[in-house]
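Rule-based calculations on the coordinates, nothing more; no lab input. Source: prediction; values computed, not measured. Cβ: placed from backbone, ideal geometry, glycine included. Neighbour counts: every protein chain shown.
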């Protein structure tokens, strides 16, 4: 703020007013100055500020003092600002409100908005530098201004570097603050974890009278906090209300896709399908798994099925195990022998509704049909011929 | 008639409860009520934290790592459920769950070529490409955490340490220590031969062949029997960007006779 000089606020000849804005407060660096209710005026040559109540109080600064400037977005309870970085004051500067400042930048705080337009105009003026073309009687003498011009570039870069450094410190400060707040939060979270462990132990030891309702409530608390459920005694029949709702939604949503895909879809495929459809408030893999686990208890025609290989699928109830084995055996007997790949083509040929989508990701279909063949093998209906050329199944004649 | 039992039983119970409480033990149902209150407080603390620092989590991968590690230390999984506070208020859930979808899609798209095995680097690269340039930055740590979550869906997602980084497996192919070690050996050149295995790992020919056959069967390795010298077993997952690139449909139609 020590770059400002007292002024009378009158424009010189050749000096034009570009824009003015009410409700601007001046900051000396980061500190609020007493100059807090005023009008900021931008001319072709200077930045002027005048107190709204006391018009005598008026200060100005040549635009040539400006190295560069930037916007500072508004926050909660904070107005938008323009931060202006300045050259050191010239030796023959007229006295102003501040003799000395530890900051080399000021801020204009726009309490009644208008910062966007002001910023734009300021950018224009700084780019055009019209004050250099037209000499103004009170301005710095030509000799000094050219000197300032020559130094500007070097000081400009230093100024920019300084700004980057400040920004980095600001970011670091933000992160440090975030980290501190996070630590405090974690302490509270840990208390919750301890409490839940204590409750779980008590439930296990059957101390006290816990109603079914309370158990469900407790589970939902665990869900909210992300604490693993340590109580294993109850079946997945009840789960939490959330999972039940979810299961119902899934039951409705998956009927059509499942029928399209021949009655079976990998859990990962379901995950992608459902989350893509939701767009936001996505399901976690565990949410999906837990919801699918209760299909049976809710009497839906869908089942979660886990194969020996670890593949998990959601299956329409119409595809019972016997049907699958029977169809696999039929196919193999018909052809004499069958690999999983060939099975794919027979299924497609026979007009079973497999969509084009599946044909492109044949390997998925492969693993399902392979599972059927393996299942049939397990039941003793088929036997395998395992070679580098692939796994081939024959009807079991033994 | 069982007179008095009812009243007597109630009185006994009350006495037992009183004694219990006297000893400073709190009943579970009281604790559940207490937890309910604490949960409300915690929820508002978290809301406050979110209003100040939500951006930090979205924009800063480093901060996400710190956050995840702190959660793990106290025994909390912020990604367990989309309904959890962490997910709802900090938005961490959607970030990782969406990433999970993108990872699955990339792996599916390339499965026909690499058999379901892909380097973490390539996965990272392709996921970033798929997200577009205006999306948030995603680090390899983010991918690893998302993959860990995908594991619960039983699809064989796993990570194999290889040459300082990882191979991501997205099919339930059984890979034991022998397979892993051969993959690691193949990492340098993208392929491996029986002789190299014998020399480096000091295995017998049979063991080497057994492992290589399994990789072939699973579609993880391709056999080049026309190479000078002995047959080379190539791993598409390890093809580097330099030695391979995607062919456009035009080029493909030019190549087929």
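Please work out whether the stretch A:5-140 counts as rounded, prolate or oblate from its C-alpha gyration tensor, where a ≥ b ≥ c are the square roots of the eigenvalues and a/c under 1.5 means rounded, while otherwise a/b larger than b/c means prolate and anything else oblate? Because its axes are fairly even, with a/c under 1.5, the stretch A:5-140 counts as rounded. Across peptide A:81-88, the average count of Cβ atoms from other chains found within 10 Å of a residue's Cβ is 0.
With a Förster radius of 60 Å applied to the beta-carbon distance between residue B:181 and residue A:92, the computed FRET efficiency rounds to 0.15. Relative to one another, the C-alpha centroids of the stretch A:74-112 and the stretch B:83-142 are positioned 46 Å apart.
The modelled label-to-label distance between residue A:102 and residue A:298, using points 7 Å beyond Cα along the C-beta direction, is 6.3 nm.
As a rough footprinting exposure proxy, the listed residues A:299, A:219 were ranked by other beta carbons within 10 Å of their own, and the order from fewest upward is A:299, A:219.
Here the simple spin-label model places points 7 Å from the Cα toward Cβ, and for residue B:9 and residue A:76 these points are separated by 5.4 nm. Mean sequence separation of contacting Cα pairs (under 8 Å, at least six apart), scaled by the length of chain B, corresponds to a relative contact order of 13 percent.
Computed packing ranks the peptides B:179-191, B:122-134, A:259-271 as A:259-271, B:179-191, B:122-134, most packed first, by mean other Cβ atoms within 10 Å. Residue-normalised convex hull volume from the C-alpha trace of the stretch B:174-248: 106 Å³ per residue. Residue by residue along B:208-216, Cβ atoms of other protein chains within 10 Å of the local Cβ number 1 on average. This ranking places B:137, A:287 by how few other beta-carbon atoms lie within 10 Å of each, fewest first, which gives B:137, A:287.
Pairs of Cα atoms nearer than 8 Å and 6+ residues apart set the relative contact order; for the stretch B:147-189 it is 31 percent. With viscosity 1.002 mPa s and temperature 20 °C, the Kirkwood radius over alpha carbon pairs of chain B converts through Stokes-Einstein to a diffusion coefficient of 94 µm²/s. Which residue fluctuates most in the GNM of chain B (Cα springs below 10 Å): B:156, B:229, B:100? Of B:156, B:229, B:100, the most mobile in the Gaussian network model is B:229. Once C-alpha pairs closer than 8 Å and six or more residues apart are averaged by separation and normalised to the residue number of the stretch A:1-110, the relative contact order reads 34 percent.
Inter-chain Cβ neighbour count for B:92-98, averaged per residue, equals 5 (cutoff 10 Å, partner chain atoms only). Using the Cβ-Cβ distance between residue B:34 and residue A:245 with R0 set to 45 Å, the FRET efficiency from 1/(1 + (r/R0)^6) comes to roughly 0.95. Among B:86, B:234, a tally of other beta-carbon atoms within 10 Å of each Cβ gives an order, fewest to most, of B:234, B:86.
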